[in-house]
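Throughout, read-outs are computed from the coordinates displayed, never taken from laboratory work. What you are looking at is a predicted structure, and each value in this text was computed from that prediction instead of being measured. In this analysis, Cβ positions are derived from the backbone assuming ideal geometry, glycine residues included, and neighbour counts consider all displayed protein chains.
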Amino acid sequence: MPRTIVKTRAIVLRTMRMGETSRLVTFYTQEHGKLKVTAKGARKPKSKFGAALDLMTEVQAVCYVKETRDLQTLTECALLVPPPDLAQSLERLSFGSAACELVDRLTIEGEPNIRLYQCLTGVLYGLAEVDQNQVEPLFWYYQLRVAEALGYRPELRHCISCGNEFIGPWLWFSAALGGGVCVACGQGNGVRMARQSLNFLAGLQSLKTYRKDALPQAPPRRGEIRAALRGFLEYHGGERSRLRSLEFLDSLSRTEPAATV
C-alpha cells in the first residue's frame, strides 16, 4: 500500500526518546485525530524540527502515513503561532500538561474530533491569559467540554433520576447515572456535594465558548468539584483517564478544611 502525505494542524501531546537521535511524538491533529509519528534526528543539536516539538505547541505537521503501520514518519514540522506562555506558574503549566494528557488518554488513533481539537487549543491559550484565581475553573470548564465532545455530557441542572430541580443545600453526584441526583433519589448513590458546587459547574457548562470576562473565580469548595469531575471522567474513561499531572498538583496543594454538614 502506497504512503500518503498528510499535512495538518496539530498539538504536541507527548514526546519520548527513540533510539540515539530520534523522538516518538504523539500529536492530536485537527483532521486526523491522534497520530503517532517518528521524528528522525529530532534529538540532534541542529535538528530541523527545533522547538516545534515542544509540548503543548500548535504546529503544522507534514507526515508520511501508511495505514498498515501504527507509527508514521514526520517529515516537516513548523510552529503556527507562538506557544502559550504557561511558565508563569507551576499551576498553569501543570493544568496545561493535564489538558494534553487527558486527550491522549481518552482518544484512540485515527478518530478525528474537531470539537475536541478546539477545546484543547482553547484551554492551552486560555491558561496563559486568565487571572491566577481563574486557572482551575478554566480547567474544569475544559473537562466538561471534553466530556461533551466525547458524548457523555453530565446533567447538572436537574436530578438525573426524577427530573426535578434541586432543593436544599446538599445533593449527590453520580458518575454512573450521569450527573446530579437529588437527596430523595440519591441515598448514597455517588458522592455527596453542596448544591452551590453543582450550580458552579452548571454555570461553567452553560458557557458556550471560553471568555475570560465570563469565567468565574474559583469557589471555596474546590475539593468536591475536583473529585466529582475526576470521578466522572474516570468512570467513563477508565483507569487511563487518571492524570499524573493532576496527581502532582494534588501533592503540592494545601489541605482544604473539611466540609461541615
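Numbers below:
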read-out: Value in Å of the Kirkwood radius, where region 90-252 supplies the Cα pairs that are averaged; value: 16.1
read-out: Met18 long-range amide H proximity, modeled H, under 5 Å; value: Arg23, Leu24
read-out: Neighbour-count order for Asp104, Asp131, fewest beta carbons within 10 angstrom listed first; value: Asp131, Asp104
read-out: Extension gain, Arg115 back to Thr68 (0.36 nm per residue minus Cα-Cα distance, nm); value: 14.2 nm
read-out: Nearest-ten-degree value, helix 222-237 long axis tilted from longest Cα axis of the chain; value: 60
read-out: Sequence-separation-based contact order of region 90-252, relative, with Cα cut under 8 Å and 6+ spacing, percent; value: 27
read-out: Calculated P(r) of region 4-79 - Cα pairs past 21 Å, %; value: 15
read-out: Per-residue ³J(HN,Hα) for region 11-27, Karplus 6.51 cos²θ - 1.76 cosθ + 1.60, θ = phi - 60°, Hz, x for Gly and Pro; value: 10, 7, 8, 7, 9, 9, 5, 9, x, 7, 10, 10, 9, 9, 10, 10, 9
read-out: Expected 222 nm ellipticity per residue - DSSP helices of 4 or more, -39500 (n - 2.57), all of the chain, to 500; value: -10500 deg cm²/dmol
